[in-house]
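Participant: Mind looking over this structure? Questions follow.
The values are calculated or read from the model by the stated rules, or taken from the named source; none is laboratory data. Keep in mind it's a predicted model, so treat the numbers as computed, not measured. Neighbour counts are summed over all protein chains in view; Cβ atoms, including those assigned to glycine, are modelled from backbone coordinates with ideal geometry.
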Amino acid sequence: MKINGGMISTKMFKVQERFWGYRYLYKTFPDEYKLGPSADLGISIDYKFNKFISVDFSVLNGEGYKNVILNNGDFKQAIGVTLNPVKGLQFRLYYDLMNNNDTSKTEDQRAIQNTFISFIGYKYKDKVRIAAEYNYQRQHKNMKGEDLFGYSFYGAYIFSEKIEVFGRVDLLNSNKQEDEVEVWNYKKDGTGFLLGFQYKPIKEVKLALNYRNWQYEKPNEAETLTPKSFVYVSLEFMF
């Protein structure tokens with residue numbers, strides 16, 4: 001059993017982050033689209049039953065590492081289960097719940113936020129890794145009726161200790177509220193593509209050339225939401 005307290009890393013996307021492996025150039029789905037923070041004030045308990053199954057529990061402030069003040073008596077409770085049934089194969093299920101007592105919002109606006117995440121990943125001989133995850137957050141940021149959900153698919157092929165290629169597809173969606181014409185998050189919903197090449201000249205340095213494209217799911221007729229394409233050179237130093 002392992003217990004952590006204080007300002008701790010959250011468990012929402014740690015497994016996915018390790019599997020993805022390229023956080024320095026693009027964060028995992030829950031992190032990138034603001035489903036939850038990477039660190040928070042609270043306590044977590046990890047328990048490994050055996051090499052096949054482990055569980056984790058957390059009670060957190062819910063505001064993230066940028067705001068450590070306990071406002072309105074809000075807390076987030078989370079539970080995760082990780083399964084490793086055979087070598088190279090990994091499953092994870094995660095659920096959290098966060099109440100909201102913010103009096104600056106009306107009763108009609110406030111709601112309990114729920115997050116559900118499922119993940120499956122497979123590694124083959126340290127040469128190939130592929131993964132898929134589904135993320136669903138009901139009452140995003142405790143706003144009643146505003147749900148955010150989507151899929152993320154990613155993989156990598158390692159040619160050698162120095163060279164590897166990777167790719168990823170994200171699908172971000174939101175729901176349509178009653179009497180509304182558009183989904184509530186239409187300015188951000190869409191499909192993202194990422195392709196890249198990483199070169200590691202030495203153990204402490206990673207250099208990646210990567211291409212990113214974003215296609216909006218349903219552009220609003222009154223606004224210009226054109227597809228976006230970017231080419232990045234990303235660099236990481238580790239000491």
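Participant: Please go through the stretch 147-161 and give me each residue that is of a type in the set (Ser, Thr, Tyr) and either within 17 Å of the chain's Cα centre (by Cα) or part of a strand (DSSP E or B) (or both), ordered by number.
Facilitator: Listed by number, the residues that qualify are Tyr151, Ser152, Tyr154, Tyr157.
Participant: Going by the structure shown, is Val15 hydrophobic (A, V, I, L, M, F, W, C), modelled with pLDDT of 95 or more, under 19 Å from the mean Cα position of the chain (by Cα) and more than 19 Å from Tyr134 (Cβ to Cβ)?
Facilitator: Working: hydrophobic (A, V, I, L, M, F, W, C): yes; modelled with pLDDT of 95 or more: yes; under 19 Å from the mean Cα position of the chain (by Cα): yes; more than 19 Å from Tyr134 (Cβ to Cβ): no.
Spelling it out, it is not the case that Val15 is hydrophobic (A, V, I, L, M, F, W, C), modelled with pLDDT of 95 or more, under 19 Å from the mean Cα position of the chain (by Cα) and more than 19 Å from Tyr134 (Cβ to Cβ).
Conditions tested, residue by residue: (1) touching a strand residue (DSSP E or B) at 6+ places or on another chain (Cβ under 6 Å); (2) at pLDDT below 90.
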| residue | (1), (2) |
| --- | --- |
| Ser104 | no, yes |
| Gln113 | yes, no |
| Tyr136 | yes, no |
| Glu146 | no, no |
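Participant: Select from the stretch 111-146 the residues that are buried (at least 19 other Cβ atoms within 10 Å of the Cβ) and not in a strand (DSSP E or B) and write down the one among them that is nearest to the chain's Cα centre (by Cα).
Facilitator: Looking at residues that are buried (at least 19 other Cβ atoms within 10 Å of the Cβ) and not in a strand (DSSP E or B), I get His140.
Participant: Follow-up question, since we're still on this one. Quick check on my filter: what residues within the stretch 23-51 are touching a residue at least 60 places away in the same chain (Cβ under 8 Å) and more than 13 Å from the chain's Cα centre (by Cα)?
Facilitator: Scanning the stretch 23-51 gives Tyr24, Leu25.
Participant: Do you know which residues across the stretch 10-43 are loosely packed, with under 15 Cβ neighbours inside 10 Å, under 19 Å from Asp74 (Cα atoms) and not aliphatic (A, V, I, L, M)?
Facilitator: Lys34
Participant: Across the stretch 161-204, which residue is farthest from Val231 (Cα to Cα) among those that are surrounded by 16 or more Cβ atoms within 10 Å (Cβ to Cβ) and touching a Pro at 6+ places or on another chain (Cβ under 9 Å)?
Facilitator: Tyr186
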